Amino acid sequence: MVASPLRVATMVEFRVVVSDPKSGKSVQVPVSGQHANVLVRRHIGDEIDGMFCGLPGYKLRITGGTDKDGFPMRPEIPTSGRRRILVAASLGFNPQRKGVRKKKTFRGNEISPDTMQINTMVTQHGPKPIEELAPKKEEKK
């Protein structure tokens, strides 16, 4: 008997970009496995515990993100899928002339397994600095 594809648990992996408004720096933290599954079905504006991103004691607010093909998330689209909307100068569209509007594709405000990057901002600081808790980035030689 073969398991249906809907019942198979998918391994989700995200890159969470944590921005610290106090220091003005941001760190990129890879999140996978059980911690990543907790982030699925969250929305832009939700507060999450920093424990899911490897930052115990921190509180993070989701501010946006992009999907696997690079389409940005918009807070006013209430779905996890893609939608084409007419936009003027705003998030995801910077026209060359004033007054230009264009139909662009955007991802909804819900985090799904198709999301690759999640942007967050620190709302409550923990006992240790972020630079100490985040994994160090290796330099290429």
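Every number here is computed from the coordinates shown, using simple stated rules; none is lab data. Since the structure is predicted, the reported quantities are computational estimates derived from the model, not experimental observations. Cβ placement follows ideal geometry from the backbone for every residue including glycine, while neighbour counts extend to all protein chains displayed.
Available extension along the chain between Ala134 and Met11 is 42.1 nm, counting 0.36 nm per residue and deducting the alpha carbon span. Couplings 3J(HN,Hα) of the range 74-90, computed from phi: 10, x, 8, 9, x, 7, 9, x, 9, 9, 9, 10, 7, 10, 9, 4, 6 Hz, in residue order, whole Hz [Karplus 6.51 cos²θ - 1.76 cosθ + 1.60, θ = phi - 60°; x for Gly and Pro]. Estimated from helical segments only, the mean residue ellipticity of the chain at 222 nm is -1500 deg cm²/dmol, where each DSSP H run of four or more residues counts as -39500 (n - 2.57). With one equal scatterer per alpha carbon and no solvent term, the Debye-computed log10 I(q)/I(0) for the range 13-125 at 0.18, 0.19, 0.21 1/Å reads -0.88, -0.95, -1.09. Using the Karplus relation 6.51 cos²θ - 1.76 cosθ + 1.60 with θ = phi - 60°, the per-residue 3J(HN,Hα) values for the range 111-128 come to 6, 10, x, 7, 6, 9, 10, 10, 8, 10, 10, 6, 10, 9, 7, x, x, 9 Hz, with x marking Gly and Pro.
When the Gaussian network model of the chain links Cα atoms closer than 10 Å, the mean-square fluctuations of Thr115, Thr79, Thr63 top out at Thr79. For the range 13-125, averaging the sequence separation of C-alpha pairs within contact (under 8 Å, six or more residues apart) and dividing by the residue count gives a relative contact order of 34 percent. The string of couplings for the range 56-73 from the Karplus curve (6.51, -1.76, 1.60, θ = phi - 60°) is x, x, 9, 10, 10, 10, 6, 10, x, x, 9, 9, 5, 9, x, 7, x, 8 Hz, one whole number per residue in order, with x for Gly and Pro.
Placing pseudo-labels 7 Å out from each Cα toward the beta carbon at Gln34 and Asn94 gives an inter-label distance of 4.2 nm. Once backbone amide H atoms are built at 1.01 Å from N, Met116 has Thr66, Asp67, Lys68 as its partners under 5 Å, excluding neighbours fewer than 5 places away on the same chain.
Each Lys or Arg adds one and each Asp or Glu subtracts one; over the other residues with Cβ under 14 Å from the Cβ of Gln34, this totals -2. Annotation: the antiparallel percentage among DSSP beta bridges lying fully within the range 13-125 is about 80.
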